1. For the stretch 22-46, how many residues are closer than 19 Å to Lys2 by Cβ and surrounded by 11 or more Cβ atoms within 10 Å (Cβ to Cβ)?
2. Determine whether the stretch 70-78 contains at least one residue that is among the hydrophobic types (A, V, I, L, M, F, W, C), touching a helix residue (DSSP H, G or I) at 6+ places or on another chain (Cβ under 8 Å), surrounded by 14 or more Cβ atoms within 10 Å (Cβ to Cβ) and closer than 25 Å to Gln126 by Cα.
3. Would you tally the residues in the stretch 47-68 being surrounded by 13 or more Cβ atoms within 10 Å (Cβ to Cβ) and modelled with pLDDT under 85?
4. Output the residues belonging to the stretch 44-91 that are without any contact (Cβ under 8 Å) to a residue 12 or more places away in the chain and among the small types (Gly, Ala, Ser).
Amino acid sequence: MKVLLAADGSKYTKKALAFLVNHESLVNSNDELVLLNVQLQVPGRVKTMLGSADVAAYHREEGDKVLEPIRKFLGKHALNYRCFSVVGHPVEEILKAAAAEKSHLIVMGTRGLGLIGRALIDSIAQRVVSDCDIPVLLVK
């Protein structure tokens, strides 16, 4: 099975990762775990002022800040995994990566907002669940 974990570096990502590692029925040494970090695009004016190379370096550094602790954590477990970072809109990039990787499951950490919180905030997790055609596991 191939599992895509959307990683934003929050404590909710850590909870989702710990859940996966502790549930061998979801991911084990015979499966593949793909970790995706999505960096938001910087405004066009900023890119023009700083230059494309500096913006690309910024995105690489920010992606590494999220993915490096995950690599260290997974290095202690016998799992097949790959990590990568992309720039774009989180929902679109998560769905695109799931399709490109032919993932069987998407795993995401979520804050678990109540009814009012969901009404006020356009949740990335909620949009992935509604727009996705494969199972999505939300870990709270």
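1. 13
2. yes
3. 2
4. Gly44, Gly51, Ser52, Ala53, Ala56, Ala57, Gly75
The values are calculated or read from the model by the stated rules, or taken from the named source; none is laboratory data. Worth saying up front: this structure is predicted, and the values here are computed from it rather than measured. With ideal geometry, Cβ positions are generated from the backbone for all residues, glycine too; neighbour counts draw on all protein chains shown.
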